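To start, the structure itself, in structure tokens.
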Amino acid sequence: MASFNYLEEIPEFKNFASICIEAEKRWRTDTPVSCVKEIRTALEMAIRWVYHTDIKLISENISQNNLYDLMSNKKFSCIIGTKLTNELHYIRKKGNIATHENGINIDKNVANTCMKYLFNFIQWMEATYCKKHYKKRSFEENSIIDTLSDNLKTIGVAVGGVIAGVIGTVIFSSKNKA
């Protein structure tokens, strides 16, 4: 099971659900740099959603604000707390490196950390703003690895079956000719 697919079932999150799901797909199949860029985009969309939803932030003029300005807003930082603020700044910084510095030092571990931090923030958003849908979830890092492993096993079995079939045909044809 993927960590973000459930977001499609929450109507309030429809504006950024697909980008979170896409980020997770890239995490599984693409380069860490591409993944971190997508995570940063998902984060910005989610934060903008919070600004449009939270009564304490609605009055803020965010149309011209960049991600750093949104995250550094004292009201926003107070609402989400220090731990989440630090995690979100980590994503922002790594996303900037991925985008503007050709992904220097962006590896699988950085992508994993960014994905986990995005998951933490989305869980916080759900618990804070969509209580009727909230369910405590765990980040499914292992299921991603298991899914990839299962896919490789399936491919291996299929290829092995084809090879065995070809070898069997060759052997059977050789015996019939003899």
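The values are calculated or read from the model by the stated rules, or taken from the named source; none is laboratory data. Since this is a predicted model, take the numbers as computed values, not measurements. Glycine also receives a Cβ, built like all others from the backbone with ideal geometry; neighbour counts cover every protein chain displayed. Accessible surface areas use protein heavy atoms only, side chains included; no ligands, DNA or RNA. Shrake-Rupley method; radii C 1.70, N 1.55, O 1.52, S 1.80 Å.
Pick from 8, 38, 12: which is in contact (Cβ under 8 Å) with a residue 40 or more places away in the chain and in a helix (DSSP H, G or I)? Explain how you work it out, then say what you get.
Numbers: 8 fails: in contact (Cβ under 8 Å) with a residue 40 or more places away in the chain; 38 fails: in contact (Cβ under 8 Å) with a residue 40 or more places away in the chain.
Just a single option satisfies the conditions, and that option is 12.
I'd like to check something: does region 28-45 contain any residue that is at pLDDT 90 or above, surrounded by fewer than 21 Cβ atoms within 10 Å (Cβ to Cβ) and more than 17 Å from residue 93 (Cα to Cα)?
The answer is no; no qualifying residue exists.
Quick check on my filter: what residues within region 104-119 are without any contact (Cβ under 8 Å) to a residue 40 or more places away in the chain and aliphatic (A, V, I, L, M)?
The one that is without any contact (Cβ under 8 Å) to a residue 40 or more places away in the chain and aliphatic (A, V, I, L, M): 104.
Among the numbered criteria (1) part of a helix (DSSP H, G or I); (2) open to solvent by less than 40 Å² (accessible area, probe 1.4 Å); (3) modelled with pLDDT of 90 or more; (4) more than 18 Å from residue 19 (Cα to Cα), which one does residue 106 miss?
The one condition residue 106 does not meet is (1).
Just the residues that are under 14 Å from residue 46 (Cα atoms) and not in a helix (DSSP H, G or I), please, taken from region 66-92.
Within region 66-92, just 66 meets the criteria.
Return the residue satisfying two criteria in turn: it lies in region 84-103 and is over 13 Å from residue 37 (Cα atoms) and either in contact (Cβ under 8 Å) with a residue 60 or more places away in the chain or not hydroxyl-bearing (Ser, Thr, Tyr) (or both), and of such residues it is most open to solvent (accessible area, probe 1.4 Å). Give the steps one after another, and end with the answer.
Restricting attention to region 84-103, the residues satisfying the condition of being over 13 Å from residue 37 (Cα atoms) are 84-89.
Narrowing the set further to residues that are either in contact (Cβ under 8 Å) with a residue 60 or more places away in the chain or not hydroxyl-bearing (Ser, Thr, Tyr) (or both) leaves 84, 86-89.
Working: 84: 20, 86: 97, 87: 15, 88: 1, 89: 30 Å².
Here the residue is 86.
Which one is nearest to residue 89 (Cα to Cα) among residues in region 13-24 that are of a type outside the set (A, V, I, L, M, F, W, C) and surrounded by 15 or more Cβ atoms within 10 Å (Cβ to Cβ)? Talk me through it step by step, then tell me what you get.
At the first step, the residues of region 13-24 found to be of a type outside the set (A, V, I, L, M, F, W, C) are 14-15, 18, 22, 24.
Then drop every residue that is not surrounded by 15 or more Cβ atoms within 10 Å (Cβ to Cβ), which leaves 18, 22, 24.
Working: 18: 22, 22: 21, 24: 19 Å.
That would be 24.
Quick one: which residue in 10, 58 is more than 13 Å from residue 95 (Cβ to Cβ), aliphatic (A, V, I, L, M) and open to solvent by 10 Å² or more (accessible area, probe 1.4 Å)? Before you say what the answer is, go through the steps one by one.
On the way: 10 fails: open to solvent by 10 Å² or more (accessible area, probe 1.4 Å).
Just a single option satisfies the conditions, and that option is 58.
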